[in-house]
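One structure is given here, and the rest of the page talks about it.
No lab work stands behind these numbers, since they all come straight from the coordinates. Small disclaimer: the values here were computed from a predicted structure and weren't measured. Every residue, glycine among them, receives a Cβ derived from its backbone with ideal geometry; neighbour counts consider all protein chains shown.
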Amino acid sequence: VVLAAVTQNGYALYYATEVLKADKEVVFVAAVTQDGEALKHAMEEMKADKEVVLESVKQNGGALRYATEEWKGDKEVVLAAVKQTGYALRYATKELNGDREVVLVAVKQIGGALRYATEELKGDRDVVLAAVTQDGMALLHASDVYFASGSIHDKIIDFLKNHENGKNVLHEWVDDFHMSKRLHSLVRYDRTIADVKNKGGKLAIDRAIPECKKAMESALFLFQRFDTSVTSQKLHQSRTAYVLKVTRDEDTNVTGNDEKATVETALKMMVDIEQVTAELNGRKDLDLNKESLIIGVQGLYIDSSVPDKYPDAYSKLKLAAGDVDVIIDCIDDINREIKGAINREVKG
């Protein structure tokens, strides 16, 4: 009678005698055929039986909560559970919450399962991307390490810019000073994040509390130094060079108050390293105090991949820069940063 009952409804195990709750055939039928949650009503020896537990979580991943600690830490059992529902990750041991394979399976099934992963995996590029691909709201559970590590992906940006839930997340973050660092990283990756509007038409950067606004504004500066906002102007454009008028803050002690003065300067962007070297060599013996039409080079920024990618050309560039006392700064993914600066409301 009981076997027939649990075959129809696994919850019927609740009403069985303790003897039957310890009967593997009865429990197996209840848990496997009907409802893995029936494991809740089985006797402890059944919850410690791997075969019973494994079949239970295959039917209902949440049944993992009723298994003994031994099986909550068994990778085969936990993988079966998170394949059925990613949320089963919450019942796994801490060790398996930090197992990359297990977590990836879980977040691919339900992105929100990212919340149960270890902090290390919440900062893992592939894990976060898999979670957000399944459910954009999983971004809420990514760690600050993810945003600070340079792992931000275009899918993350797309979610924040083009999906209503993503826009809501962004506009919640600009009200939370704890989010200032990740907002800085996001805006550095894509400056237009600052311009994402809420339903009321307000820009994210305009709604931001002071701490977040300051972080976002500093990220809008090219190389975190040059202001390329609406006051910038294109001075020249050709096949080989692009010249942009920008402003930068410069320390001044004129008032004795450590104030900063805004100084206009020009950024010349070139694509050929040999042309840059030639231009520096051409300035080697010039006296800029006498050559009023020649603008001095104050700094040189190159992509961080250049030294390894073009070692010979880079050696020549270093020599040329040293001859005119110019310091070279290496910037990660300089093309993305420059494109963002040029495309964000530059006049002309």
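Give me the net charge of D303's neighbourhood, meaning all other residues with Cβ under 14 Å from the Cβ of D303; Lys, Arg count +1, Asp, Glu -1.
Every neighbour counted, the sum reads -3.
Enumerate the residues in region 320-341 having an amide nitrogen under 17 Å from the point lying 7 Å beyond the Cα of D308 toward its Cβ.
Hits in region 320-341 for D308 at 17 Å: 330-335.
Take the Cα atoms of region 124-225, find their three principal axes, and give me the spread along each one in whole Å, biggest first.
Projected onto its principal axes, the Cα set of region 124-225 covers 32, 31, 21 Å.
Mind scanning K197/K234; K40/K94; K47/K122; K50/K83; K58/K108; K108/K202 and naming the pairs with a C-alpha gap bigger than 25 Å?
K197/K234; K47/K122; K108/K202
Compute the length gained on full extension between K94 and L319: take 0.36 nm times their separation in residues and subtract their Cα-Cα distance, giving the result in nm to one decimal.
75.6 nm
Between K284 and H153, what length comes free when the chain is fully extended (0.36 nm per residue of separation minus the Cα-Cα distance, one decimal in nm)?
42.9 nm
Nearest 0.05, what FRET efficiency do H236 and D175 give at R0 = 45 Å with Cβ-Cβ as r?
Using R0 = 45 Å, I get an efficiency of 0.60.
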